Amino acid sequence: MMIDVALEVERTQGKKPVDAIYEACLLSFRPIMMTTMAALLGRTAAGARHRDGLRTAPALGITIVGGLIVSQALTLFTTPVVYVYLDRYGWRCAVEKVCPCPARRGQARLIRRISA
């Protein structure tokens with residue numbers, strides 16, 4: 001979601017990638033947190049119950065909650081870093097072949113000229 005918003009901000013407003021991903025982080029933080037919290041709270045209640053014959057329910061609940069927390073941290077912290085890193089070294093424009101953002105069209109032409 002952050003990447004999609006950042007690309008849209010880059011295309012429509014012509015911002016630099018660092019500014020675009022910053023704005024995307026601010027805009028998409030709440031929906032990402034709401035989705036993760038809904039999954040966490042939904043699974044926490046089910047994992048806390050001890051029923052006869054279901055000894056694995058608490059362990060499964062702990063595993064799911066831990067996985068959600070780790071994936072949330074990775075999403076919020078590594079996605080912007082990877083986005084800026086890939087843009088800084090021009091890999092995104094080289095893969096797309098035609099760069100949609102006006103600020104990077106010259107760089108895309110240079111990459112095409114070098115690779116040809």
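The values are calculated or read from the model by the stated rules, or taken from the named source; none is laboratory data. Source: prediction; values computed, not measured. All Cβ positions, even for glycine, are placed from backbone atoms using ideal geometry, and neighbour counts span all protein chains on display.
Looking only at the stretch 19-34, which residues are surrounded by 14 or more Cβ atoms within 10 Å (Cβ to Cβ) and among the hydrophobic types (A, V, I, L, M, F, W, C)?
Of everything in the stretch 19-34, those that are surrounded by 14 or more Cβ atoms within 10 Å (Cβ to Cβ) and among the hydrophobic types (A, V, I, L, M, F, W, C) turn out to be 20, 21, 24, 25, 27, 32.
Taking interchain pairs and intrachain pairs at least six residues apart, which have beta carbon atoms under 7 angstrom, with the first residue in the stretch 26-38 and within 12 Å of residue 76 (Cβ to Cβ) and the second assigned to a helix (DSSP H, G or I) and hydroxyl-bearing (Ser, Thr, Tyr)?
Cβ pairs passing all conditions: 32/75.
Scan the stretch 49-62 for residues that are hydrophobic (A, V, I, L, M, F, W, C) and modelled with pLDDT under 70 and jot them down.
54, 57
Each row is one residue, and each column tells you yes or no for (1) more than 18 Å from residue 83 (Cα to Cα); (2) assigned to a helix (DSSP H, G or I); (3) at pLDDT 90 or above; (4) in contact with a Lys or Arg (Cβ under 7 Å, 6 or more places away or on another chain).
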position: 7; (1), (2), (3), (4): no, yes, no, no
position: 10; (1), (2), (3), (4): no, yes, no, no
position: 20; (1), (2), (3), (4): no, yes, yes, no
position: 27; (1), (2), (3), (4): no, yes, yes, no
position: 39; (1), (2), (3), (4): yes, yes, no, no
position: 44; (1), (2), (3), (4): yes, yes, no, no
position: 47; (1), (2), (3), (4): yes, yes, no, no
